Amino acid sequence: MDFSQLSFWHSQIAELTPRAIPSDAGPFDVGIAGAGFSGLWTGIYLLRANPNLKVAIFEKEIAGFGASGRNGGWCSALFPWAPDQLAEKYGKEAAKQLRTAMVDTVQEVGRITKELGIDCDFQLSGTQYLIRSEAQRIKAKHELAAAEELGVDQLRKVSPELAPRATKVLGSVFDPACASIQPAKLVRGLAESFEKLGGVIFEKTEVLGLSEGRIKTSRGDFMAEYVVDALEGYRSTLRGKRRDSIPIYSLMVVTEVLPEELLNEMGLEPGITFADYRNLVIYGQRTKDNRIAFGGRGAPYHFGSSIKPGYDRNDRIHDQIEGVLLDLFPQLSTVKFEQRWGGALGVSRDWMASVRLDPKSKLGQAGGYVGDGVGTSNLAGRTMADLILGLSTPLTKLCWVQHQSPKWEFEPLRFIAARGALLGADIADQIEGVTGKRSLISKIIARLTGKG
């Protein structure tokens with residue numbers, strides 16, 4: 001496999017050759033399945049706290065192969081459940097604590113990557129959420145009110161003349177708690193840092209099963225006192241975990257390098273990320289080298305939680321994504337789109353992310369980020385490290401710790417549910433585009449997905 005073709009981000013990495021298989025066969029103190037953000041952050045924080053630990057990570061392909069190396073490059077304070085939904089479920093104080101931890105996490109990623117010497121194009125420039133219809137204005141108003149009620153997120157409304165110069169813009173909401181990054185640079189840098197701290201990575205080693213004290217792989221069984229499932233979007237590939245989460249595909253495109261004058265004319269400052277309030281999620285960033293990397297949902301869920309390389313590219317959906325970007329910024333109508341790619345992310349049945357560790361079996365799991373994983377995985381890694389070390393800290397007391405999501409339905413019911421949610425979001429956007437009012441479908445989807 002030519003790993004440089006996984007995404008535009010991977011194509012910028014000089015060395016993607018799989019590592020030689022380590023000679024150390026264990027036993028290990030901690031064995032982690034998945035060399036993405038969650039697994040690598042967990043290993044790094046463990047070894048920084050206790051350099052004497054033996055920590056191994058097992059990866060089917062190479063470190064950063066999955067969503068960690070292919071995502072939109074938002075290191076944000078976004079969490080799958082909205083603040084008001086968290087407050088309703090866990091209470092206002094618990095919601096405030098989690099929101100504070102998420103906002104602080106953006107700064108933590110910037111701090112520790114600098115300390116580790118990882119150049120990942122970290123630019124703390126914030127996010128502009130465009131308001132492009134009356135329905136979107138209602139959603140923005142709700143979000144601003146919820147943030148003010150909790151008093152953590154420093155959102156502010158931006159007038160139309162100061163918002164990015166996209167079409168139909170009625171204004172925007174600016175969130176300062178977001179940095180743009182180059183995700184493949186970050187995840188590959190984390191893998192190198194983990195090894196420098198004494199950790200070992202078994203690449204080209206597929207995890208086949210996880211059980212108490214044992215990681216079953218394509219290279220045989222490895223023993224570990226603690227076993228952590230950090231497979232995220234690929235969790236459903238494990239026997240017995242097919243219904244724990246489902247893989248949903250998110251697809252991206254990237255433009256050629258653009259003149260700085262054009263980007264400034266569009267009102268996109270260096271490092272800025274941007275989106276709007278539609279139901280079918282979109283996300284973009286102005287990269288460090290002055291491109292627009294842009295992506296969105298819309299790719300179909302595949303029956304049986306199937307994951308295949310062929311699903312990473314879908315001409316119809318990629319055409320739609322390019323069309324959405326051109327609709328936002330017609331100034332880009334003559335630019336060249338240089339690459340298309342995609343990847344699977346993990347979605348739990350209740351749309352809630354979680355990190356948990358069973359103190360008896362010493363089995364841990366983190367994930368369910370629903371596409372908001374760059375920042376959330378760092379918080380998960382720090383939290384998992386504290387749990388494994390037996391520490392009682394503010395992080396281990398957060399409301400998402402030890403949360404257990406219900407399982408997804410058996411097929412074909414989960415196929416119907418996943419495809420139905422996608423269709424519903426698309427229909428809701430079409431209705432709201434015509435009526436200018438928030439649709440009932442939008443309200444139902446928001447309630448089911450923790451968005452208030």
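Just a few scattered comments:
- Only one entry of Leu124, Leu150, Leu116 meets the criterion of being within 21 Å of the chain's Cα centre (by Cα) and touching a residue at least 12 places away in the same chain (Cβ under 8 Å), and that entry is Leu124.
- Each residue in region 243-260 was checked for being among the polar types (S, T, N, Q) and either closer than 22 Å to Trp351 by Cβ or without any contact (Cβ under 8 Å) to a residue 40 or more places away in the chain (or both), and 2 pass.
- Within the span defined as region 162-178, one or more residues are out of contact with any Phe, Trp or Tyr (no Cβ under 8 Å at 6 or more places or on another chain), assigned to a helix (DSSP H, G or I) and of a type outside the set (Phe, Trp, Tyr).
- Tallying residues that are touching a Pro at 6+ places or on another chain (Cβ under 9 Å) and either within 30 Å of Glu108 (Cα to Cα) or in a strand (DSSP E or B) (or both) within region 181-225 yields 10.
- None of Ala293, Ala299, Ala275 is touching a residue at least 12 places away in the same chain (Cβ under 8 Å), in a strand (DSSP E or B) and either closer than 20 Å to Gly36 by Cβ or in contact with a Leu (Cβ under 6 Å, 6 or more places away or on another chain) (or both) except Ala293.
- Candidate set from region 233-265 (those that are of a type in the set (A, V, I, L, M, F, W, C) and in a loop (DSSP other than H, G, I, E, B)); member that is nearest to Pro164 (Cα to Cα): Leu258
- Residues located in region 109-160, provided they are closer than 30 Å to Ala428 by Cα, surrounded by fewer than 20 Cβ atoms within 10 Å (Cβ to Cβ) and of a type in the set (Ser, Thr, Tyr): Ser159
- Filter pass, Leu86 being aliphatic (A, V, I, L, M), over 16 Å from Arg382 (Cα atoms) and not in a helix (DSSP H, G or I): no
- From the list Leu130, Leu98, the one residue that fits, being assigned to a helix (DSSP H, G or I), at negative phi and among the hydrophobic types (A, V, I, L, M, F, W, C), is Leu98.
- Restricting attention to region 1-33 and to residues that are β-branched (Val, Ile, Thr) and more than 23 Å from the chain's Cα centre (by Cα), the residue that is surrounded by the most Cβ atoms within 10 Å (Cβ to Cβ) turns out to be Val30.
- The set of residues from region 162-186 being surrounded by fewer than 19 Cβ atoms within 10 Å (Cβ to Cβ) and more than 17 Å from Arg278 (Cα to Cα) comprises Leu162, Arg165, Pro176.
- Scanning region 331-338 for residues that are more than 30 Å from Val227 (Cα to Cα), crowded, with 18+ Cβ neighbours inside 10 Å and either under 19 Å from the mean Cα position of the chain (by Cα) or of a type in the set (A, V, I, L, M) (or both) turns up at least one hit.
For every residue, the table says whether it meets (1) free of Cβ contacts under 8 Å to residues at least 60 places away in the same chain; (2) out of contact with any helix residue (DSSP H, G or I) (no Cβ under 6 Å at 6 or more places or on another chain).
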| residue | (1), (2) |
| --- | --- |
| Ala163 | no, yes |
| Thr167 | no, yes |
| Cys178 | no, yes |
| Leu210 | no, yes |
| Arg214 | yes, yes |
| Lys241 | yes, no |
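- Condition met for Lys362 (modelled with pLDDT of 95 or more and over 30 Å from Ile292 (Cβ atoms)): yes
- Count of region 18-41 residues which are without any contact (Cβ under 8 Å) to a residue 24 or more places away in the chain and of a type in the set (Val, Ile, Thr): 0
- Verdict on Leu280 being modelled with pLDDT under 95, of a type in the set (A, V, I, L, M), surrounded by fewer than 24 Cβ atoms within 10 Å (Cβ to Cβ) and not in a strand (DSSP E or B): yes
- Residue ID - farthest from Trp41 (Cα to Cα), chosen from residues in region 385-410 that are touching a strand residue (DSSP E or B) at 6+ places or on another chain (Cβ under 9 Å) and part of a loop (DSSP other than H, G, I, E, B): Trp408
- If you go through region 321-330 and pick out every residue that is of a type outside the set (Val, Ile, Thr), crowded, with 18+ Cβ neighbours inside 10 Å and part of a helix (DSSP H, G or I), you end up with 2.
- Considering only residues in region 400-431 that are in contact (Cβ under 8 Å) with a residue 24 or more places away in the chain, under 18 Å from Arg349 (Cβ atoms) and of a type in the set (A, V, I, L, M, F, W, C), the one that is surrounded by the fewest Cβ atoms within 10 Å (Cβ to Cβ) turns out to be Phe410.
- Of all residues in region 342-356, those satisfying the criterion of being assigned to a strand (DSSP E or B) and surrounded by 22 or more Cβ atoms within 10 Å (Cβ to Cβ) are Gly342, Gly343, Ala344, Leu345, Gly346, Val347, Val355.
- The condition (being on the phi > 0 side of the Ramachandran plot and buried (at least 22 other Cβ atoms within 10 Å of the Cβ)) is satisfied by just one residue among Gly73, Gly91: Gly73.
- Condition met for Gly198 (surrounded by fewer than 24 Cβ atoms within 10 Å (Cβ to Cβ), without any contact (Cβ under 8 Å) to a residue 40 or more places away in the chain and either in contact with a Leu (Cβ under 8 Å, 6 or more places away or on another chain) or aromatic (Phe, Trp, Tyr) (or both)): no
The values are calculated or read from the model by the stated rules, or taken from the named source; none is laboratory data. None of these values were measured; they are calculated from a predicted model. FYI the Cβ positions are ideal-geometry reconstructions off the backbone, even for glycines, and counts take in every protein chain you see.
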